[in-house]
Structure formats: structure tokens, C-alpha cells
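Here the structure comes first, spelled out in C-alpha cells, and everything after it is commentary.
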Amino acid sequence: MENQNINEIYSSAMDEIGKSSTSEKLQELKIKFLAKKSVLMSLLSALGSLPPEERKEMGQKLNETKAKIAKAIEEKEAELRKAELEKKLESEQIDISLPSKRVELGGQNPFYVVKDEITDIFLNMGFEVADGPEVETDLYNFELLNIPKDHPARDMQDTFYISDSVLLRTHTSPVQAHTMQAREGKPIRIICPGKTYRRDDDDATHSHQFAQIEGLVIDKDINIGHLKATLELFAKKMFGEKREIRLRPSYFPFTEPSVEVDITCANCDGKGCSMCKGTGYIEILGGGMVHPNVLKMNGYDPDVYSGFAFGIGIERVAILRYGIDDIRKFYQNDIRFLRQYRKKA
Ligand code: PHE
């Protein structure tokens, strides 16, 4: 009778295990057939009341049945886990045959191409790169460069004011003052590429934001011949061996004498054409010998030291170099413009 009962329990357990399709259901079956209060377990605990000869056989049978049911549940659990995993893998499959999103390749902006080229030319001559803030004080942008308040030269350099004495720098020349003060009277040979700002109506040749490369050399016995030779070498490296330069007298409050530097027009080789407006020359930069007042104000004795400085407009050089017709193209980020300057692999 009891044997039959056990067989029945076994077959109904196997039946239910076979039919279950979730691990929750299997948990229920575990409780139903194997927990302390299950029929099987109550039979096991009642073994003691059986006569000894039956006890052994019955005990064995009960334990075997219990083990078989536990094993069947375990196997079914593994089977379900595997099926669940397969289902998950199936649903999360990525279709690698789908075409990916196109990544548009631009090109290095010619502004940066030229900036790097100019920088390299001066690094090869032994210059170092110095840096300075774009948000500048009136003191560094004007006063320490010999442009006192009410100086008429300020008119040409109106800019964006943060407060009465803080502004966006109008040129990279304040880096001259910063560098002189930091070097405390020692020789200097630096360039500083950077952004500059002026109040300007934007058109094909003007922009409220542009960039310059400042140059500053200070040492004993520096004369205007050094300035000319340095800029001549720069012009030839940048625009070709055939280019000549010309120095014209000019005026900047922070240099004395001051010069404007022109190069022979690459378009007509100096003969005169529409690009150089018939003059044969194109202006590329301003420079001069550092004014004694500027040396003094920034910690250098003008009786011992002399120096030269220059400021090159980066966009101007890029425009000449690549024949670009509008300064605004540098900032518009038009992919068709940039693509023309993509380096060939
Ligand atoms: N800072 C001047 C400008 O922006 C250029 C310059 C630099 C002139 C250094 C002389 C020396 O116009």
C-alpha cells in the first residue's frame, strides 16, 4: 500500500515537473514534494513507527524517490535556464549587416594649418612659444605698452569691455609685457600665437575676432637688422624663396622705430596686378624696435638691452597663402570649404 503510494507521488511529481515551464513553478514543486511538510517527508519521519524489517526497505525507497525528484527538478531548472538564456541572446542580437551611420570627414581648418606652419618656422629659428590671457586688463593691453589713457592710438583698438579696466585683448602684444615681467631682465626669444578681438563691422576682410602671432626678441645689441633678417627668412619659408620684403616706416606706440612689412606679390612677382592693387607688394605684418619706455616699464634697462617685436595676422597670411576670398570662411565651419584642405593620405 505504502509502496504504491510512493510510486504515485513519484509519477505525479515527474508529470508536474515535465509540464512546468517557469522556474517559479519549479520552486512550488520543490516545496510540494520535498519540503518538511510534504507527503514524502512525513512518510520519512514516520519510518520510526514501522517494524524494523520494513523500515529499511521503506527508508531506502523513500530516499531514492526523494533524490530522483530532486534531481529531476534540478535538471529541469538547468533546462529552463538554458532556454531563457537562448531566448535573451536571440532577442538581443545585433544585426551587423545593417549599414552604419556615415561619419563625415572634414579637414584641418586652413587657419590651423597656417598657424602651425608659422609656429614651426619660428621654432626652427630658436624661438619658444609663450602664452597669455585673452581676457586682459587695460594695464597690459595698453598702459604697459606705452598707450596711456586718452592716447589716440586707442581709437583704432576699440574692443569688448568686461568692465572699465577688463577687456578682450586687441592684439597679442600684452604677452610682451607678461613675458618681460616673468623673465625678470633675462634675454627673450618668444612667439605667441593667439586670438584677438576688436570692435569691427564684419565683412570679407574684417572680423571682430581674429588671430595674431606676436614675436619678441630681447637681448644685448639687438638692432633693426635682426628684425629684417628674421622676417625675411620667415617670408621666404612661408611664401617661397623668390619673395622679397620691404620695410616701410610706420607708427606703433610700443615700438620705435616702427615698420610695416610688405612682401612682393606672389601673384605677379612684384610687377603689379589686381591682387596687390598695382603696387607689387602686399602688407603682411607690423613690427619695430621695442620702445625704451616699454622696456623700462617691464623691468629691462634700455641702456643695456634692446629688442624687436612684430605682430603677424594669421588669417591674413592664410588668405594670401591659399587665395581665400573671405575671412568669415575660417569660422563658418562649412564642410565644403574645409574639405579642400584635407591632407591627402
Ligand atoms: N600689435 C600691433 C597690432 O596689432 C602689431 C605689432 C606688434 C606692432 C608688435 C609692433 C610690434 O597692430
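Just one of the listed residues (342, 248) is loosely packed, with under 14 Cβ neighbours inside 10 Å and assigned to a strand (DSSP E or B), and it is 248. Could you list, in sequence order, the residues of segment 47-67 that are closer than 20 Å to residue 18 by Cα and surrounded by 13 or more Cβ atoms within 10 Å (Cβ to Cβ)? Those that are closer than 20 Å to residue 18 by Cα and surrounded by 13 or more Cβ atoms within 10 Å (Cβ to Cβ): 65, 66. With respect to the stated conditions, residue 225 is assigned to a helix (DSSP H, G or I), modelled with pLDDT of 95 or more and out of contact with any Cys (no Cβ under 6 Å at 6 or more places or on another chain). Please state which one of 283, 260, 214 is at pLDDT below 95, under 25 Å from residue 194 (Cα atoms) and either in contact with a helix residue (DSSP H, G or I) (Cβ under 8 Å, 6 or more places away or on another chain) or within 15 Å of the ligand (Cβ to nearest atom) (or both). The match here is 283. At pLDDT 95 or above and at positive phi - does that describe any residue in segment 146-156? Within segment 146-156, one or more residues are at pLDDT 95 or above and at positive phi. Only one of the numbered conditions (1) more than 14 Å from the ligand (Cβ to nearest atom); (2) buried (at least 17 other Cβ atoms within 10 Å of the Cβ) is not met by residue 164, and that is (2). Any chance segment 176-187 includes a residue that's near the ligand (Cβ under 10 Å from one of its atoms), assigned by TED's automatic domain parsing to the domain that holds residue 207, at pLDDT 95 or above and within 31 Å of the chain's Cα centre (by Cα)? The answer is yes, given that some residue of segment 176-187 is near the ligand (Cβ under 10 Å from one of its atoms), assigned by TED's automatic domain parsing to the domain that holds residue 207, at pLDDT 95 or above and within 31 Å of the chain's Cα centre (by Cα).
Taken over segment 1-20, residues that are closer than 14 Å to residue 72 by Cα and surrounded by 11 or more Cβ atoms within 10 Å (Cβ to Cβ) amount to 8. For beta carbons closer than 9 Å, sequence separation of 6+ or different chains, a first residue in segment 63-92 that is farther than 24 Å from residue 36 by Cα and a second that is part of a helix (DSSP H, G or I), the qualifying pairs are 80/23; 80/26; 81/23; 84/23. Taking residues in segment 190-218 that are under 15 Å from residue 157 (Cβ atoms), and partners anywhere that are in a loop (DSSP other than H, G, I, E, B) and among the small types (Gly, Ala, Ser), the pairs with Cβ atoms closer than 8 Å and at least 6 places apart or on different chains are 200/207; 214/173.
Could we say that residue 267 is within 38 Å of the chain's Cα centre (by Cα) and of a type in the set (S, T, N, Q) here? So residue 267 passes the test. Are any of the residues in segment 123-132 surrounded by 10 or more Cβ atoms within 10 Å (Cβ to Cβ), more than 24 Å from residue 238 (Cα to Cα) and either among the charged types (D, E, K, R) or at pLDDT 95 or above (or both)? Taking every residue of segment 123-132 in turn, at least one turns out to be surrounded by 10 or more Cβ atoms within 10 Å (Cβ to Cβ), more than 24 Å from residue 238 (Cα to Cα) and either among the charged types (D, E, K, R) or at pLDDT 95 or above (or both). Just one of the listed residues (117, 136) is in the same structural domain as residue 191 (by TED's automatic domain parsing), of a type in the set (Asp, Glu), under 30 Å from residue 229 (Cα atoms) and touching a residue at least 24 places away in the same chain (Cβ under 8 Å), namely 117. Given the structure, is residue 61 farther than 30 Å from residue 336 by Cα, within 44 Å of the chain's Cα centre (by Cα) and modelled with pLDDT of 85 or more? No, not satisfied. Please enumerate the residues belonging to segment 141-161 that are buried (at least 21 other Cβ atoms within 10 Å of the Cβ) and part of a helix (DSSP H, G or I). Within segment 141-161, 141, 144, 145 qualify. In segment 265-276 there is no residue matching the filter, namely being at pLDDT 95 or above and more than 10 Å from the ligand (Cβ to nearest atom). Just so you know, in segment 145-161 the residues that are within 13 Å of the ligand (Cβ to nearest atom) and farther than 19 Å from residue 200 by Cα include one that is nearest to the chain's Cα centre (by Cα), and it is 145. Say whether the condition of being surrounded by fewer than 16 Cβ atoms within 10 Å (Cβ to Cβ) and of a type in the set (Lys, Arg) is met by at least one residue in segment 222-240. No: segment 222-240 contains no residue that is surrounded by fewer than 16 Cβ atoms within 10 Å (Cβ to Cβ) and of a type in the set (Lys, Arg).
The values are calculated or read from the model by the stated rules, or taken from the named source; none is laboratory data. The structure presented is a predicted model; accordingly, all values stated were derived computationally and were not measured. Ideal geometry is used to build each Cβ from the backbone, glycine not excepted, and the neighbour counts take in all protein chains shown.
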